[in-house]
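The values are calculated or read from the model by the stated rules, or taken from the named source; none is laboratory data. Treat the numbers as computed from the prediction; the structure is a model and nothing was measured. Cβ placement follows ideal geometry from the backbone for every residue including glycine, while neighbour counts extend to all protein chains displayed. Heads up: the accessible areas ignore ligands, DNA and RNA and are worked out on the full protein's heavy atoms, side chains in. Shrake-Rupley method; radii C 1.70, N 1.55, O 1.52, S 1.80 Å.
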Amino acid sequence: MNLSNLNYYNMTYFIIVLEEKNLSKAAERIGISRQALSKAISSLEQTIGKQLFFRKQSGVEPTLAALELKTHVKTILKEYHQISNQGKLEQLADKRICVYTIDSVSQVFPNSFYDNFYEKYPDFILTIEESNEGFAIKQLLSSRCDFAIVSHETDYYNYNYTHLFHADYGSYMSCNHPLAQMDNLTLSDFKNTKFIGKSMDLEYYNRAVQAVYSNNLELDFFLEITNPSKRRDMVRCGKYVSCAWNYNMFNDMNDGVIFKPVKEMGDGIDLFLIENKHLKKQPHKAQIFKEYLLEWIYTRTTKDTK
């Protein structure tokens, strides 16, 4: 038996002919000539040693041998697709750069950051997952991501740290808000102001909130909400301000919302890119992203200091 004719294409053609029960329709669906399809089916019949279809004027009808073969061929094709898809997934994994970050980090970088990366490295797939700090670190140590971006550097035994940038604590407000016209804001300026913000479970946010409450000021924390777009929409209307760190420091959104630092909220937040120290060598794709990220930040921070 010449098994070379029992290949993926002939088996696929066989199933399509079974479904269409017409060689012309099956050939049109596949995108080959009727003669080529008829030849492929004949080759398969020679391999099996049995007739698979009765040819009729109205089309074809499967023989008992074809119906018996159908189950086996579908099983083989299913396994083929599983193996093929696994290969595709492995190819995607080779291209994928995964970064877990604390909340709002992805907003630090404007759309041009991602667009320029894909223009420079079109074969890579960049995945940014926002979560809390503990979860991001857990994913890194479990080798489920290439990097994590966190707000502290406490564990020198498991990670290599690279400082990315420093962002101030303060408030977002509408450009038309009365406080937006003031310089050097203090917490007392916010008396009776309605605040909206993120969850107090997030350590880097909680530090700023604690600074507010420690001054025993009558500040109205009206709403805790994690969705940054919704917060920004509510702030834009002019009724509320948002207690946050400056997550738009590189991103001039020009949408009627500005950030004002407030020193009394604390010294701000430092962001670090961390890597799993236990890896013998960081994948080449990850090294490329790290170099791109650091160069991008450097060019913008040096511009700010000139």
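On full extension of the chain, what length is gained from Thr186 through Ser24, given 0.36 nm per residue of separation minus the C-alpha to C-alpha distance?
That works out to 50.3 nm of additional length.
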Mean projected area, convex hull of alpha-carbon positions in the range 21-170, reported to one decimal in nm², is 16.1
Over the chain, what is the relative contact order in whole percent, taking alpha-carbon pairs under 8 Å and six or more residues apart?
-> 20
Of all C-alpha pairs within the range 255-295, those more than 15 angstrom apart amount in percent to 65
Summing -39500 (n - 2.57) over every DSSP H run of at least 4 residues in the chain and dividing by its residue count gives a helix-only mean residue ellipticity at 222 nm, to the nearest 500 deg cm²/dmol, of -14000 deg cm²/dmol
Could you work out how far helix 203-213 tilts from the main Cα principal axis of the chain, as a 0 to 90 degree angle to the nearest 10?
-> 30
Length gained when the stretch Lys138-Ala65 is fully extended (0.36 nm per residue, less Cα-Cα span) | 20.7 nm
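Send over the per residue convex hull volume for the chain, Cα only, as a whole number of Å³.
218
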Taking a Cβ-Cβ separation under 4.7 Å as the criterion for a possible partner, which cysteines of the chain have none?
-> Cys175, Cys237, Cys243
For the range 75-195, what is the accessible area per residue in Å², given a 1.4 Å probe and the full set of protein chains?
-> 55
Considering only DSSP beta bridges whose two residues both sit in the chain, what percent are antiparallel, to the nearest 5?
-> 55
When the solvent-accessible surface of protein heavy atoms is calculated with a 1.4 angstrom probe, in what order do Glu133, Glu119 fall, highest first?
-> Glu119, Glu133
